[in-house]
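The values are calculated or read from the model by the stated rules, or taken from the named source; none is laboratory data. Note that the structure is a prediction, hence the values are computed from the model and not measured. Positions of Cβ are backbone-derived with ideal geometry, glycine not excepted, and every protein chain shown enters the neighbour counts.
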Amino acid sequence: MSLPFDSINWLAILVCLVVGQVLLTVWFAVIFKEPWARAYGGPEMTAKQHTKEVPGYTYAIGALCVVVLSLGLGLLRAMLGVQGVGASLGLGVFVGVAFFVPMAAPAYAFLRRGSAFALAAGSQLALVLALSLVLELMG
């Protein structure tokens, strides 16, 4: 099996990076900022305090992960011949549920962070759907 790197639209990967970073920023810093802070730091943690405690390098790691996820989705789409918005979103749901949940759930369960898991799972599902849509639209 060879990976079809020649099918990758690198501009779409760049757009995925921007869309992914915006989506995750809105998710964690606007929509769910207080619940996310409490889910990670406890009931007394504020969003402002939580933001101060996040090391700056985590944003670079997050950006790199969005690029790798976008590239992986692009390759998977090409290998499976996925075309169309519905099929792209279906692949996004499949990847989000079949891979994120079983890989992340044990760690969150071990840490007893069910609410953090719910917020993270929601963000990852939204992210993979958004990236799938970008890759389809920029085909």
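Odds and ends about this structure:
- Number of the condition not met by G96 [criteria: (1) of a type outside the set (S, T, Y); (2) under 18 Å from C16 (Cα atoms); (3) at pLDDT 95 or above]: (3)
- Top-ranked residue in the range 103-139 [being among the hydroxyl-bearing types (S, T, Y) and out of contact with any Ser or Thr (no Cβ under 6 Å at 6 or more places or on another chain); ranked as surrounded by the fewest Cβ atoms within 10 Å (Cβ to Cβ)]: S115
- Any hit, the range 58-81, residues being assigned to a helix (DSSP H, G or I), surrounded by 13 or more Cβ atoms within 10 Å (Cβ to Cβ), aliphatic (A, V, I, L, M) and at pLDDT below 90: no
- Residue among S2, S7 that is under 19 Å from L137 (Cα atoms) and of a type in the set (G, A, S): S7
- Pair list, Cβ under 9 Å, 6 or more apart: the range 109-129 residue closer than 14 Å to G96 by Cβ, other residue of a type in the set (K, R) and not in a helix (DSSP H, G or I): A120/R113
- Filter pass, S132 being part of a helix (DSSP H, G or I) and under 23 Å from L3 (Cα atoms): yes
Residues are listed down the side, and each one gets a yes or a no for (1) exposed (fewer than 15 other Cβ atoms within 10 Å of the Cβ); (2) in contact (Cβ under 8 Å) with a residue 40 or more places away in the chain; (3) among the β-branched types (V, I, T); (4) under 22 Å from G74 (Cβ atoms):
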position: I8; (1), (2), (3), (4): no, yes, yes, yes
position: L11; (1), (2), (3), (4): yes, yes, no, yes
position: L14; (1), (2), (3), (4): yes, no, no, yes
position: G20; (1), (2), (3), (4): no, yes, no, yes
position: V26; (1), (2), (3), (4): yes, no, yes, no
position: F32; (1), (2), (3), (4): no, yes, no, no
position: W36; (1), (2), (3), (4): no, yes, no, no
position: G42; (1), (2), (3), (4): yes, no, no, no
position: M45; (1), (2), (3), (4): no, no, no, no
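- Contacts under 7 angstrom Cβ, first residue in the range 61-78 being touching a residue at least 60 places away in the same chain (Cβ under 8 Å), partner surrounded by fewer than 21 Cβ atoms within 10 Å (Cβ to Cβ) and among the hydroxyl-bearing types (S, T, Y), 6 or more apart: A78/S7
- When T51, T46 are screened for being of a type in the set (V, I, T), more than 21 Å from Q21 (Cα to Cα) and modelled with pLDDT under 95, only T46 passes.
- Within the range 1-54, being in a helix (DSSP H, G or I), of a type outside the set (A, V, I, L, M), within 22 Å of S70 (Cβ to Cβ) and touching a helix residue (DSSP H, G or I) at 6+ places or on another chain (Cβ under 7 Å) holds for S7, C16, G20, Q21, W27, F28.
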